[in-house]
Amino acid sequence: MRTKMLALAAVGMIAFGGMAACTKDGNEGAAADTGGTRGGGGGGKVGVILPDTKTSQRWGSDDPKLLKAAFDAADVPVDIRNAEGDKARFQQIASEMIAGGVKVLIIVNLDSGTGKAVLDKAKAAGVKTIDYDRLTLNGGADYYVSFDNEAVGTLQGEGIVRCLKEKKISQPVIADLNGSPTDNNATLFKAGYDAIVQPKFDDGTFVKGPDQSVADWDNDEAATVFKEMWTQTNHNIHGVLAANDGLANAAIGVLKDSKMNGKVPVTGQDATTQGLQNILAGDQCMTVYKAIKREADAAADLAIKLYKGEQVTAPDEVKDPESGDDVKSFLENPQPIYIDNINIVIKDGFVEKKAVCSGRYEKLCRENGIK
Ligand code: BGC
């Protein structure tokens, strides 16, 4: 899936380092709304459409904040909006942005069908397109900026193996609580963790349990799905491969009702405040930290270059499994987080210690050496 190419720098060599070093002009509030000729781009803006605010803390908080900071630092006008999980709204926002003359459009699709419709429309209007985090299948975006998503799944698979080993459970039954079937990332996460646990099912060390996807990554739906798994198996589940922290928290809620939280390891992703607190409480085995700042910076750097009409060479390639095309990509590496290395996430400035270590977590933070 991922092909490393020569890490070539941008071809159109403008002094990007110098530009990025520009400080904010004290007018940052206006920067997101001001079109015009700032940044030497000759008009237009960069448009960003994020998917929702409910399936992960990141979309409503981390990504918009970090993207905006990167565009502001380069003094390039950006319009960042969120579709709130509504596909019609997603397309409406895109149409407005395209009609409004954006030069570059960055999207996180809600599914590949509507994502492709938006990309097609943008292309027809001469707008450069970037798939951010999620690849739009058969979408033909000019670029893709994300993490190595199969590696995220590998870390989750390794996580469940490690945590089950610590619990010394023999022949544990593993349940899969997968992400949205319409998100290509969910497919990649699953491919990653399945590749780790399948050999264990094959040799009888692990036992395959229920395996279901959660539509639209909906956390309430995840609780319903996991409750059903838990009941139908007569509570015979010993480990949960949950694809992100939101799904993990839904499973933990069900386990709590049976006082089995902490006894059944659950994986996660996103290093959310809630996920980290669940780890501190012993209810969640691990999470996967994706340094969103690196992803946001990479997407903004790329968009800014495209905005200025530069040619950009990408270091990676990802094959679109539907079209068979190679998409020029920038992929960051994820990191596994367990109770003993939560400090990585705090030190990186991704979450604040005071957010994680509030209330009942203050003591847990102290006991676990959170700095
Ligand atoms: C992202 C995850 C996120 C999930 C739900 C995925 O595409 O990669 O970071 O948790 O969507 O929003």
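The values are calculated or read from the model by the stated rules, or taken from the named source; none is laboratory data. If you're wondering where the values come from, they're calculated on a predicted model, not measured in any experiment. All Cβ positions, glycine included, derive from the backbone under ideal geometry; neighbour counts span all protein chains shown. The protein model used for the area step is the full one, side chains on, heavy atoms only, and it has no ligands, DNA or RNA in it. Shrake-Rupley method; radii C 1.70, N 1.55, O 1.52, S 1.80 Å.
Among the numbered criteria (1) open to solvent by less than 10 Å² (accessible area, probe 1.4 Å); (2) within 16 Å of the ligand (Cβ to nearest atom), which one does A223 miss?
Going through (1) open to solvent by less than 10 Å² (accessible area, probe 1.4 Å); (2) within 16 Å of the ligand (Cβ to nearest atom) one by one, A223 breaks only (1).
Out of all the residues in the range 284-306, which are open to solvent by 10 Å² or more (accessible area, probe 1.4 Å) and touching a Leu at 6+ places or on another chain (Cβ under 8 Å)?
Hits for the range 284-306 are K293, D297.
Looking at this structure, is T53 of a type in the set (V, I, T), closer than 24 Å to P321 by Cβ and in contact with a Phe, Trp or Tyr (Cβ under 7 Å, 6 or more places away or on another chain)? Spell out how you get there, then give the answer.
Values: of a type in the set (V, I, T): yes; closer than 24 Å to P321 by Cβ: no; in contact with a Phe, Trp or Tyr (Cβ under 7 Å, 6 or more places away or on another chain): yes.
Against the criterion (of a type in the set (V, I, T), closer than 24 Å to P321 by Cβ and in contact with a Phe, Trp or Tyr (Cβ under 7 Å, 6 or more places away or on another chain)), T53 does not qualify.
Residues G246, G239: which one is over 15 Å from P172 (Cα atoms), out of contact with any Gly (no Cβ under 7 Å at 6 or more places or on another chain) and among the small types (G, A, S)? Steps first, answer last, please.
Working: G239 fails: over 15 Å from P172 (Cα atoms).
When all the criteria are applied, what remains is G246.
Output the number of the condition that D75 fails; it satisfies all remaining conditions of (1) open to solvent by 10 Å² or more (accessible area, probe 1.4 Å); (2) in contact with an Asp or Glu (Cβ under 8 Å, 6 or more places away or on another chain); (3) part of a helix (DSSP H, G or I).
All conditions pass for D75, except number (3).
Given the conditions (1) at pLDDT below 95; (2) at negative phi, which single one is not true for G60?
Among (1) at pLDDT below 95; (2) at negative phi, G60 violates only (1).
Taking into account only those residues within the range 326-342 that are polar (S, T, N, Q) and out of contact with any helix residue (DSSP H, G or I) (no Cβ under 9 Å at 6 or more places or on another chain), which is surrounded by the fewest Cβ atoms within 10 Å (Cβ to Cβ)?
Going through the range 326-342, the residues polar (S, T, N, Q) turn out to be 329, 333, 335, 341.
Narrowing further to those that are out of contact with any helix residue (DSSP H, G or I) (no Cβ under 9 Å at 6 or more places or on another chain): 329, 341.
Details: S329: 24, N341: 13.
The residue in question is N341.
If V240 passes every condition in (1) assigned to a helix (DSSP H, G or I); (2) surrounded by 19 or more Cβ atoms within 10 Å (Cβ to Cβ) but one, which one does it miss?
(1)
Could you tell me whether the range 345-353 includes any residue that is under 30 Å from V78 (Cα atoms), in the same structural domain as N261 (by TED's automatic domain parsing), touching a Ser or Thr at 6+ places or on another chain (Cβ under 7 Å) and open to solvent by less than 20 Å² (accessible area, probe 1.4 Å)?
Yes, that holds for at least one residue.
Would you tally the residues in the range 157-173 being more than 30 Å from G113 (Cβ to Cβ) and within 24 Å of the chain's Cα centre (by Cα)? Please lay out each step first, then the result.
Step one: filter the range 157-173 for residues more than 30 Å from G113 (Cβ to Cβ), giving 158-173.
Okay, now just the ones that are also within 24 Å of the chain's Cα centre (by Cα), so 158-163.
The qualifying residues number 6.
Residues that are touching a helix residue (DSSP H, G or I) at 6+ places or on another chain (Cβ under 6 Å), more than 16 Å from the ligand (Cβ to nearest atom) and charged (D, E, K, R): does the range 243-254 have at least one?
No, the range 243-254 contains no residue that is touching a helix residue (DSSP H, G or I) at 6+ places or on another chain (Cβ under 6 Å), more than 16 Å from the ligand (Cβ to nearest atom) and charged (D, E, K, R).
Check every one of the helices (runs of 4 or more DSSP H) wholly within the range 107-205 and list those with 3 or more residues that are farther than 25 Å from R89 by Cβ and open to solvent by 10 Å² or more (accessible area, probe 1.4 Å). Talk me through it step by step, then tell me what you get.
Working: elements: 112-124, 149-167, 184-202.
Correct list: 149-167, 184-202.
Does the range 249-258 contain at least one residue that is under 30 Å from K45 (Cβ atoms), surrounded by fewer than 22 Cβ atoms within 10 Å (Cβ to Cβ) and basic (K, R)? It would help to see each step written out before you state the result.
Taking the range 249-258 as the starting set, the residues that turn out to be under 30 Å from K45 (Cβ atoms) are none.
No; the residues of the range 249-258 include none that is under 30 Å from K45 (Cβ atoms), surrounded by fewer than 22 Cβ atoms within 10 Å (Cβ to Cβ) and basic (K, R).
Can you give me the number of residues within the range 354-367 that are closer than 17 Å to A271 by Cα and open to solvent by 90 Å² or more (accessible area, probe 1.4 Å)?
The total comes to 1.
Would you say L276 is within 16 Å of the ligand (Cβ to nearest atom), in a strand (DSSP E or B), at pLDDT 95 or above and in contact with a strand residue (DSSP E or B) (Cβ under 8 Å, 6 or more places away or on another chain)?
Numbers: within 16 Å of the ligand (Cβ to nearest atom): yes; in a strand (DSSP E or B): no; at pLDDT 95 or above: yes; in contact with a strand residue (DSSP E or B) (Cβ under 8 Å, 6 or more places away or on another chain): yes.
For L276, the condition - within 16 Å of the ligand (Cβ to nearest atom), in a strand (DSSP E or B), at pLDDT 95 or above and in contact with a strand residue (DSSP E or B) (Cβ under 8 Å, 6 or more places away or on another chain) - is not met.
Of the conditions (1) assigned to a helix (DSSP H, G or I); (2) in contact with a helix residue (DSSP H, G or I) (Cβ under 7 Å, 6 or more places away or on another chain), P210 fails just one. Which one is it?
Here P210 clears every test but (1).
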